[in-house]
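The values are calculated or read from the model by the stated rules, or taken from the named source; none is laboratory data. Bear in mind the structure is a predicted one, so any value in this text is a computation, not a measurement. As a convention, Cβ positions derive from the backbone with ideal geometry for all residues, glycine included, and neighbour counts pool all protein chains shown.
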Amino acid sequence: QKEVEQNSGPLSVPEGAIASLNCTYSDRGSQSFFWYRQYSGKSPELIMFIYSNGDKEDGRFTAQLNKASQYVSLLIRDSQPSDSATYLCAAQGGKLIFGQGTELSVKP
Amino acid sequence: EAQVTQNPRYLITVTGKKLTVTCSQNMNHEYMSWYRQDPGLGLRQIYYSMNVEVTDKGDVPEGYKVSRKEKRNFPLILESPSPNQTSLYFCASSSGGHEKLFFGSGTQLSVL
């Protein structure tokens, strides 16, 4: 069974801090990786995607990929209370597999 | 406005009573998919469609049917719902296969 694993949290960080969300995947054939944000009671929304090893930055968000370690992470700099949500990691090999999500809470 | 529209938003039904959840997208996407989301289990794919008249099973297809007669519509059919199908359902679409999904607002289904 191909899996994507995330710590369910909750991960609590103070406002202005860096939030680090982690994800591991079991399928070495996975080529594309995605981070979705899901506010409580809402639908998931794509915020980042990464295909190559290394870092990809978009505003306050940085996605990091290490295919050798089968590890993906999302860093959120200068965290805001509005970043409080569940973050879903997804890996695509033949299929798109989602992790169970990490709940992030940013405290003012 | 580009969107994926699901209806209804909430649905309470009884065991065995056939129901349909509709999904429509206005982005001319080829790919559409249905997911269910359960606490601790994340999003699990039920069925997907790469284009009109092309559908395939996801990871949890048992008890569900789909059809793709038109590009914009992808209804989910539960012909004989059971309580274990109580869940939050999402329809999604994309222009590029499984990736970069746009999700509908969700349907909370309760089967009594």
Mind counting the residues in the stretch B:48-68 that are part of a strand (DSSP E or B) and within 12 Å of chain A (Cβ to nearest Cβ)?
3
I need the full set of residues from the stretch A:1-35 which are assigned to a strand (DSSP E or B) and under 15 Å from A:Ser82 (Cα atoms), in order please.
A:Leu11, A:Ser12, A:Val13, A:Pro14, A:Ala19
Per the list (1) modelled with pLDDT of 95 or more; (2) within 15 Å of the chain's Cα centre (by Cα); (3) on the phi > 0 side of the Ramachandran plot, residue check on A:Phe34 breaks on (3)
Within the stretch A:62-108, restricting attention to residues that are hydrophobic (A, V, I, L, M, F, W, C) and farther than 18 Å from A:Gly9 by Cα, which residue is surrounded by the fewest Cβ atoms within 10 Å (Cβ to Cβ)?
A:Ala68
Would you pick out the residues in the stretch A:6-20 that are away from chain B (no Cβ under 14 Å), within 20 Å of A:Met48 (Cα to Cα) and either β-branched (Val, Ile, Thr) or in contact with a Leu (Cβ under 8 Å, 6 or more places away or on another chain) (or both)?
A:Leu11, A:Ile18, A:Ala19, A:Ser20
Just name the residue that is nearest to A:Glu45 (Cα to Cα) out of those in the stretch B:69-112 that are free of Cβ contacts under 8 Å to residues at least 40 places away in the same chain and within 14 Å of another protein chain (Cβ to nearest Cβ).
B:Lys100
Would it be correct to say that A:Gly41 is small (Gly, Ala, Ser), in contact with a Ser or Thr (Cβ under 9 Å, 6 or more places away or on another chain), part of a loop (DSSP other than H, G, I, E, B) and on the phi > 0 side of the Ramachandran plot?
no
Quick one: is A:Ser8 within 24 Å of A:Ser105 (Cβ to Cβ), more than 14 Å from the chain's Cα centre (by Cα) and modelled with pLDDT under 95?
no
Testing B:Gly96 on (1) buried (at least 16 other Cβ atoms within 10 Å of the Cβ); (2) at pLDDT below 95, one condition comes back false. Which one is that?
(1)
Has the stretch B:2-11 got at least one residue that is under 24 Å from A:Gly41 (Cα atoms), of a type outside the set (Lys, Arg), within 14 Å of the chain's Cα centre (by Cα) and crowded, with 21+ Cβ neighbours inside 10 Å?
yes
Odd one out for B:Trp34, checked against (1) within 12 Å of chain A (Cβ to nearest Cβ); (2) surrounded by 21 or more Cβ atoms within 10 Å (Cβ to Cβ)
(1)
Please tell me if A:Glu3 is surrounded by fewer than 17 Cβ atoms within 10 Å (Cβ to Cβ), at pLDDT 95 or above and within 11 Å of chain B (Cβ to nearest Cβ).
no
Filter pass, A:Tyr36 being within 12 Å of chain B (Cβ to nearest Cβ) and in contact with a strand residue (DSSP E or B) (Cβ under 8 Å, 6 or more places away or on another chain)
yes
